[in-house]
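Here the structure comes first, spelled out in structure tokens, and everything after it is commentary.
The values are calculated or read from the model by the stated rules, or taken from the named source; none is laboratory data. Quantities reported herein were computed from a predicted structural model and do not represent experimental measurements. Here the Cβ is made from the backbone with ideal geometry for all residues, glycine too, and neighbour counts use every protein chain on show.
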Amino acid sequence: MKSHFLLPLIPLALAATLEKRAAPQGIDVSHFQPNVDWAQVKANGISFAFIKATEGTTFIDPSFSSHYTGATNAGLIRGAYHFGHPDSSSGATQANFFLAHGGGWSGDGITFPGVLDIEFNPSGDTCYGLTPAAMVSWIKDFSDTYHAKTTRFPIIYTNTNWWKQCTGNSAAFTSNSLWIARFSSSPGELPAGWPTYTFWQFADSGPNPGDQDNFNGDLAGLKRIATG
């Protein structure tokens with residue numbers, strides 16, 4: 001919907017832009033962006049990257065290794081993410097698959113805890129055929145397994161609409177950092193249990209490859225996420 005009242009909107013848009021610029025900027029990529037010039041990304045002011053490693057228990061991203069090495073060599077703080085398929089196997093099984101194929105963590109100051117990407121099913125029932133209670137149990141199984149192996153809780157990437165529908169707006173994951181997805185000028189309403197977000201995916205395209213993200217804090221805070 002277009003508005004004829006443009007003047008009041010300009011300060012809001014400008015404020016959102018300035019807010020994004022004030023926070024460390026990042027990107028997230030997968031095999032859909034097979035060729036990333038990581039040195040240029042770094043020169044463009046990007047501080048961090050999330051890189052797809054796995055999906056379910058059958059897919060290993062073919063670009064993961066090159067992306068991870070490229071981001072590391074460019075001096076970015078980086079981490080891996082797993083696209084969850086709660087309809088195909090247990091949370092523990094998928095956490096272990098993720099850990100075995102790039103999703104590990106070490107307190108070296110440049111590695112984020114792994115990410116569980118849990119969102120709309122791309123090829124079936126929105127909630128993967130699970131009830132909200134079963135979905136919460138599945139996510140907890142993944143999270144607890146990852147924590148037991150790494151001492152860190154995985155970051156949870158999701159969006160508020162899916163979370164409300166498929167977990168019943170569970171507030172059970174306050175130990176996990178939130179990476180909220182919302183392509184807008186603000187993160188908007190957050191899922192229950194999280195008073196604030198840690199990362200925000202605010203656009204699916206932009207001046208750098210992949211999705212565009214920012215960190216809700218300063219560079220020192222970003223480094224603390226990676227240090228543990």
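For the reader, a short list of remarks on this structure follows.
- Residues located in region 211-221, provided they are farther than 16 Å from Ile180 by Cα and surrounded by 13 or more Cβ atoms within 10 Å (Cβ to Cβ): Leu219, Gly221
- Restricting region 111-143 to residues that are touching a Gly at 6+ places or on another chain (Cβ under 8 Å) and charged (D, E, K, R), the residue that is nearest to Ile77 (Cα to Cα): Asp117
- Single match in Leu116, Leu99 (criterion: over 14 Å from the mean Cα position of the chain (by Cα) and at pLDDT 95 or above): Leu99
- Filter result (out of contact with any Phe, Trp or Tyr (no Cβ under 8 Å at 6 or more places or on another chain), hydrophobic (A, V, I, L, M, F, W, C), buried (at least 17 other Cβ atoms within 10 Å of the Cβ) and over 12 Å from Phe215 (Cα atoms)) within region 30-51: Val36, Trp38, Val41
- Any chance Gly91 is within 18 Å of the chain's Cα centre (by Cα) and within 23 Å of Asp213 (Cα to Cα): no
- Residue ID - nearest to Ser90 (Cα to Cα), chosen from residues in region 123-132 that are out of contact with any His (no Cβ under 9 Å at 6 or more places or on another chain) and outside any helix (DSSP H, G or I): Leu130
- Hey, Phe98 among the aromatic types (Phe, Trp, Tyr) and touching a strand residue (DSSP E or B) at 6+ places or on another chain (Cβ under 7 Å) or not: yes
- Restricted to region 39-85, and to residues there that are in a helix (DSSP H, G or I), in contact with a strand residue (DSSP E or B) (Cβ under 7 Å, 6 or more places away or on another chain) and among the hydroxyl-bearing types (Ser, Thr, Tyr), the residue that is nearest to Thr227 (Cα to Cα) is Thr72.
- The number of residues in region 133-185 being among the basic types (Lys, Arg) and either assigned to a helix (DSSP H, G or I) or over 25 Å from Gln212 (Cα atoms) (or both) comes to 3.
Yes or no, residue by residue, for (1) surrounded by 20 or more Cβ atoms within 10 Å (Cβ to Cβ); (2) of a type in the set (Gly, Ala, Ser):
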position	(1), (2)
Ala53	yes, yes
Ser65	no, yes
Thr69	no, no
Gly75	no, yes
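- Answer residue from region 186-228, given it is outside any helix (DSSP H, G or I) and hydroxyl-bearing (Ser, Thr, Tyr) and is nearest to Gly45 (Cα to Cα) among those: Ser205
- Residues being in contact (Cβ under 8 Å) with a residue 40 or more places away in the chain and acidic (Asp, Glu) - total across region 38-60: 0
- Of all residues in region 111-166, exactly one satisfies the criterion of being surrounded by fewer than 16 Cβ atoms within 10 Å (Cβ to Cβ) and in contact (Cβ under 8 Å) with a residue 60 or more places away in the chain, namely Thr151.
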